[in-house]
């Protein structure tokens, strides 16, 4: 499944995950660049930003999954009575699969910035202790 289809299936939490992931990526690069500058002792403080933004992105992805599942259950409760148990089971499986795309988007947009942020944080703290 393409990323565009995953965003379409997830809904508004996907856009927030993309925003947080982009912000975390840029701030992780800024922290890594700071490690090479004269002011490298403060890089660990900048590295906290991508760690927090990426963690928040994972949280938004999980929230999107829960909201999607809740929407599926509410739709099945208000469904017409001619929907049998087998059809309801299929609809629930399809709806849960669509809701799970929020987690996929969060993982794809937040994993690398989280890693880079933790890397910059660790190196920054080591440099700070040595100085």
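Across segment 27-45, not a single residue is classified as assigned to a helix (DSSP H, G or I) and within 17 Å of residue 7 (Cα to Cα).
Given the criteria in contact with a helix residue (DSSP H, G or I) (Cβ under 6 Å, 6 or more places away or on another chain) and modelled with pLDDT under 95, does residue 76 qualify? Let's see the steps before the verdict.
Working: in contact with a helix residue (DSSP H, G or I) (Cβ under 6 Å, 6 or more places away or on another chain): yes; modelled with pLDDT under 95: yes.
Yes, satisfied.
All conditions in (1) surrounded by fewer than 16 Cβ atoms within 10 Å (Cβ to Cβ); (2) touching a helix residue (DSSP H, G or I) at 6+ places or on another chain (Cβ under 9 Å); (3) farther than 30 Å from residue 120 by Cβ hold for residue 98, with the sole exception of (1).
Could you list all residues from segment 1-14 that are assigned to a helix (DSSP H, G or I) and surrounded by 14 or more Cβ atoms within 10 Å (Cβ to Cβ)?
If we filter segment 1-14 for residues that are assigned to a helix (DSSP H, G or I), which is where we start, we get 3-10, 12-14.
Result: 3, 6, 7, 9, 10, 13, 14.
Per the conditions (1) exposed (fewer than 15 other Cβ atoms within 10 Å of the Cβ); (2) modelled with pLDDT under 95; (3) under 18 Å from residue 120 (Cβ atoms), the sole criterion not satisfied by residue 35 is (1). Exactly one residue out of 65, 123 is in contact (Cβ under 8 Å) with a residue 24 or more places away in the chain, assigned to a helix (DSSP H, G or I) and over 30 Å from residue 41 (Cα atoms), and it is 65. Per this entry, residue 107 is counted among residues that are touching a helix residue (DSSP H, G or I) at 6+ places or on another chain (Cβ under 9 Å) and either over 27 Å from residue 129 (Cα atoms) or in a helix (DSSP H, G or I) (or both).
The values are calculated or read from the model by the stated rules, or taken from the named source; none is laboratory data. Predicted, not measured: the structure shown is a model, and the values here were computed from it. No Cβ is skipped: glycine too gets one built from the backbone with ideal geometry, and neighbour counts run over all protein chains shown.
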